[in-house]
1. Can you pull out the residues in segment 113-140 that are among the β-branched types (Val, Ile, Thr), assigned to a helix (DSSP H, G or I) and crowded, with 24+ Cβ neighbours inside 10 Å?
2. Scan segment 142-159 and tell me whether some residue there is over 18 Å from Leu260 (Cβ atoms), part of a helix (DSSP H, G or I) and modelled with pLDDT of 95 or more.
3. Please work out if Tyr96 is surrounded by fewer than 24 Cβ atoms within 10 Å (Cβ to Cβ), farther than 24 Å from Ala301 by Cβ, among the hydroxyl-bearing types (Ser, Thr, Tyr) and at pLDDT 95 or above.
4. Do the conditions hold for Met206, that is, is it free of Cβ contacts under 8 Å to residues at least 60 places away in the same chain and either β-branched (Val, Ile, Thr) or within 18 Å of Pro47 (Cβ to Cβ) (or both)?
5. Take segment 11-48 and flag every residue that is among the hydroxyl-bearing types (Ser, Thr, Tyr) and under 17 Å from the mean Cα position of the chain (by Cα).
6. Given Ala151, Ala164, which one is over 12 Å from Val245 (Cβ atoms) and surrounded by fewer than 15 Cβ atoms within 10 Å (Cβ to Cβ)?
7. Regarding Ile270, is this residue touching a helix residue (DSSP H, G or I) at 6+ places or on another chain (Cβ under 9 Å), more than 25 Å from Gln42 (Cβ to Cβ), aliphatic (A, V, I, L, M) and without any contact (Cβ under 8 Å) to a residue 40 or more places away in the chain?
8. Asp76 versus (1) closer than 23 Å to Ala288 by Cβ; (2) surrounded by fewer than 23 Cβ atoms within 10 Å (Cβ to Cβ): which is the lone unmet condition?
Amino acid sequence: MTPESELPPTQSLRRAGVEIDYATHGPETGAPLLLAMGLGMQRTAWPTSLLDAFVQQGFRCISFDNRDIGLSSRYDEHGTPPLHRVIAARLLHRRYQTPYMLADIADDGIAVLDHLGIAQAHVLGMSMGGMVAQHIAVRHAPRVQSLTLMATSSGRLGLPLPAARVLRLMLSRPQDRTSVDAATRYLVGLFSAIGSPDFPTATDEMIRRAHASLRRAPTGNGVARQLAAIISDGDRTPLLRRLDVPTLILHGTHDVMVPLAHGRQLASVIPGSRLHSIRGWGHDLPDALSTDFAAALARHALQSPPPLT
């Protein structure tokens, strides 16, 4: 997350009654790069160091708040979904009715490109954002010049679950949800649990990120509804087997949220895809890896077909 003084000005658009908050970073002459963020994380969770590294590699970054988080439309009237029922439906190969699907968030991202007059873009998604990016590539393949999937999954059953301590943290919430201090402690605990052992983030920095997120927009129950959308989305493997988009998969060897086996499975089913595993990387975006991430994306983009004109 970035200090508020460094954030690009907030912009928004409306699509089918949904308000979508977005921002751009870098010159308009840069190659468009659409960024999709993960579960419960606002667009401001993309570190300035990473955005700057992308710009230095010739990209123009376009980020947006997923619906139900940040400054995009919320679905608070739907309350908190009964996750045990959502999970049960998934195990029975049924779909629990959720207020929105990951495909809807994918279409929100395309709406941002439409709003900016961009015909084609490189697409990068992190964690849940990687699942959204998969839908973008499947549903809007001609709009995707290249696809980069970071720390994400196809949603296939049988792949390793998050580590037990991470699951406990995810399923627990601060008892006093009105307390900024309690929410900060919770977020810092989660950041610490899923962070990169070889590229640690200082506690003071994690506190600053948590405060910045809570000041901008409290999370509320949007995380639970997004999680329900993830679970209900099912296995995307059959769709991914037909994907015809140049795809790079970046995954950490120490990801305790979405273990490396998920990245390997993606690489085994997406035609022509490449897996680049990064030793010591967890499930975060450490500043120490920003230049490496950007360089990997730039190499991948250079190998993709030229943009549509």
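1. Val132, Ile136
2. Going residue by residue through segment 142-159, those that are over 18 Å from Leu260 (Cβ atoms) are 142-147.
Going one step further and asking which of them are part of a helix (DSSP H, G or I), we end up with 142-143.
Filter once more, so that each one left must be modelled with pLDDT of 95 or more: 142-143.
Yes - at least one qualifying residue is present in segment 142-159.
3. Considered against the rule, which asks whether it is surrounded by fewer than 24 Cβ atoms within 10 Å (Cβ to Cβ), farther than 24 Å from Ala301 by Cβ, among the hydroxyl-bearing types (Ser, Thr, Tyr) and at pLDDT 95 or above, Tyr96 comes out as no.
4. It is true that Met206 is free of Cβ contacts under 8 Å to residues at least 60 places away in the same chain and either β-branched (Val, Ile, Thr) or within 18 Å of Pro47 (Cβ to Cβ) (or both).
5. Tyr22, Thr24, Thr44, Thr48 - these are the residues of segment 11-48 that are among the hydroxyl-bearing types (Ser, Thr, Tyr) and under 17 Å from the mean Cα position of the chain (by Cα).
6. On the way: Ala151 fails: surrounded by fewer than 15 Cβ atoms within 10 Å (Cβ to Cβ).
Matching residue, one of Ala151, Ala164: Ala164.
7. Judged against the criteria, Ile270 is a match.
8. Condition not satisfied by Asp76: (1).
The values are calculated or read from the model by the stated rules, or taken from the named source; none is laboratory data. Please read these numbers as outputs of a predicted model, since none were measured by experiment. Every residue, glycine as well, gets a Cβ built from its backbone with ideal geometry; the counts of neighbours run over all protein chains shown.
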